[in-house]
Amino acid sequence: MTTAGAPLTLFNSLSRAIEPFQPIDPKMVRLYSCGPTVYSTAHLGNLRAYVFTDTLRRTLNWKGYATTHVINITDVGHLTSDADAGDDKMELAAQKAGTTIWDIAARYTQLFKADLKALGIIDPAIWSVATDHIQDMIAFADVLEKQGAAYEIEGGLYFDVTKVPDYGRLARSAMDGPEVARIDAVEGKRHPADFAIWRRSPEGEQRQMEWLSPWGPGAPGWHLECSVMSLKYLGEQFDIHTGGIDHREIHHCNEIAQNQAYNGTAKTGANIWMHNNFLVDRTGKMSKSKGGVATLGALTARGVHPLAYRLLCLGAHYRSELEFSLEAVAAALTRLKRLAIAVAALKAEATLDPATLRPSQETGYGKGAPFDWQRRTLEAGLSDEALAFVTRFDEALSADLMTPQALPVLDAVIASALSADEKLRLIADFDLALGLGLLDLDRRALSVRPEEATLTDAEVDALLDERQQARAAKDFAAADAARDRLKAAGVDIMDGDALRWEWRPLLDDA
Ligand code: AMP
Ligand code: ZN
């Protein structure tokens, strides 16, 4: 394993500071990411969380660390409010759709995984599904109760936050502060911040999803699953835990409290807690409950390639808010197309064997192996000028994943005086961390046909020929008329581009 290069530093939400990264086991970095609640299609904000996680995991692999990555699938327990109030999101969605929770979970898990694939996100080593771990959760909750960290009331088993010394440290919220005061009251709760570990089904009512437990039939509280599954797959104390910044306030505080009560105060679960900031739109934070069109599928329907969204995310630092707009994602698409054109030109010019640019299969790319072998192959024999770009790229990524500074290094490589061979090797090398699939970006594939497009490809070609002939005959009025008809149908003409034309993403908010 080589971990040479710039020292990796990461922002730890626990200390609110950038810290040098020190793995617990240098041979294997253990990483847990809070996964989706699979009651509806993930929105683009949710997907930002996984582009961030993937960038973190790729960076670790790029820097020579092996990783074990776990993402959970929440298919039970997440209520409409993060703080234990309201209905179970899964139950509600199943009722609305007139189907079972299992159907809802299967459908949205599959859609979620397809979105991740389209975004170039590498599968975690382990997908852990909450409902596969109910008995583990009951056993864990039992220990909490026996240790006096939990008490039983009418509503079920509740965690007593006064039993851990520094509850809420991650959120920096005072136990009697306004955030805690806002949490809905539950009959019998001792402290407003106490939270459900096990939700007993109300007398005479059967939930669609319920299990027997020492506290009666019911379902686990949402926070329990992440403590239980991270412990099971990654151990008492692992390296990094990720999630969106909303989780910093309640969910992760509660996870930490459970971990401490179970494993001892020093065992918070993860050494480093990392949180991505929100994707927002002009009206505020994106959320599933808002509805609207902010899904990856809706973007594709408008003619935007999914990887343009990945590039948009990488263009902002994960800890900054990112404002989403169709204009912004269309600009990212244009940037991606320029990269694709540049790579195609370099491939045409290069002398190297393209097979040497994809040295990925051999080393368990998807299983969390470090990218050492790939990097060694790609960087072997590079000139000092080329290696200087590697250093710049490394420094940017190593500074708490500064992707907005890493991307310009890619542009600088393309604009440099290096040979086409060296440029391609560097692009392939950087793409291991960026995950944009730069070597395989096909110009035609990036030109996604919007769902509302009316012309067929053959009709577009016919109009282009018509325009060409009119121009040859110096009938400029006819040539312009053909161009205008194409434009009105959402087709951009690109004189000088090998593609000749392409679909224009629909930007109106109709
Ligand atoms: P959920 O499916 O609601 O459990 O959320 C999945 C992930 O998306 C969590 O890590 C959330 O913190 C994150 N998330 C939710 N909304 C946003 C948003 N607007 N921007 C970025 N991340 C978000
Ligand atoms: Zn979680």
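Here are a few things to note about the model shown:
- Among the conditions (1) of a type outside the set (S, T, N, Q); (2) farther than 30 Å from GLY437 by Cα; (3) open to solvent by 10 Å² or more (accessible area, probe 1.4 Å), the only one that GLY218 does not satisfy is (3).
- Out of LEU506, LEU446, LEU464, one residue alone is within 34 Å of the chain's Cα centre (by Cα) and open to solvent by less than 30 Å² (accessible area, probe 1.4 Å). It is LEU446.
- Criterion (touching a helix residue (DSSP H, G or I) at 6+ places or on another chain (Cβ under 9 Å) and free of Cβ contacts under 8 Å to residues at least 12 places away in the same chain) met by exactly one of ASP497, ASP484, ASP492, ASP431: ASP431
- Pairs linking a residue in segment 28-39 that is modelled with pLDDT of 95 or more and part of a strand (DSSP E or B) to a residue that is within 8 Å of ligand 1 (Cβ to nearest atom) and open to solvent by 10 Å² or more (accessible area, probe 1.4 Å), with Cβ atoms under 8 Å and 6 or more positions apart or on different chains, are SER33/ALA49; SER33/TYR50.
- Any hit, segment 485-497, residues being under 30 Å from ALA332 (Cβ atoms), touching a strand residue (DSSP E or B) at 6+ places or on another chain (Cβ under 7 Å), open to solvent by less than 30 Å² (accessible area, probe 1.4 Å) and part of a strand (DSSP E or B): yes
- Residue satisfying condition, being touching a residue at least 24 places away in the same chain (Cβ under 8 Å), in a helix (DSSP H, G or I), over 24 Å from LEU322 (Cα atoms) and polar (S, T, N, Q), within set THR53, THR68, THR59, THR109: THR109
- Qualifying residue in segment 4-19 (condition: within 9 Å of ligand 1 (Cβ to nearest atom), of a type outside the set (A, V, I, L, M, F, W, C) and within 22 Å of the chain's Cα centre (by Cα)): no
- Check on LEU436, closer than 27 Å to PRO354 by Cα, of a type in the set (A, V, I, L, M, F, W, C), outside the structural domain of ARG335 (by TED's automatic domain parsing) and open to solvent by less than 70 Å² (accessible area, probe 1.4 Å): no
- Odd one out for ALA417 among (1) open to solvent by less than 60 Å² (accessible area, probe 1.4 Å); (2) closer than 30 Å to ASP372 by Cβ: (1)
- Some residue of segment 128-140 being surrounded by 15 or more Cβ atoms within 10 Å (Cβ to Cβ), assigned to a strand (DSSP E or B) and not β-branched (Val, Ile, Thr): yes
- Considering only residues in segment 236-272 that are outside any helix (DSSP H, G or I) and within 12 Å of ligand 2 (Cβ to nearest atom), the one that is surrounded by the fewest Cβ atoms within 10 Å (Cβ to Cβ) turns out to be GLY244.
- Out of LEU486, LEU463, LEU426, one residue alone is closer than 21 Å to PRO354 by Cβ and among the aliphatic types (A, V, I, L, M). It is LEU426.
- Candidates are the residues of segment 195-213 that are modelled with pLDDT of 95 or more and part of a loop (DSSP other than H, G, I, E, B); the one that is surrounded by the most Cβ atoms within 10 Å (Cβ to Cβ) is SER213.
- Candidates in segment 33-72 are the residues that are of a type in the set (Gly, Ala, Ser) and farther than 20 Å from LEU299 by Cα; of these, the one that is farthest from ligand 2 (Cβ to nearest atom) is GLY64.
- Selected residue [in a loop (DSSP other than H, G, I, E, B), buried (at least 21 other Cβ atoms within 10 Å of the Cβ), at pLDDT 95 or above and away from ligand 1 (no atom under 16 Å from the Cβ)] from VAL304, VAL228: VAL304
The values are calculated or read from the model by the stated rules, or taken from the named source; none is laboratory data. Since the structure is predicted, the reported quantities are computational estimates derived from the model, not experimental observations. Glycine gets a Cβ as well: all are built from the backbone with ideal geometry, and neighbour counts include every protein chain shown. Just the protein is used for accessible areas: all its heavy atoms, side chains included, with ligands, DNA and RNA removed. Shrake-Rupley method; radii C 1.70, N 1.55, O 1.52, S 1.80 Å.
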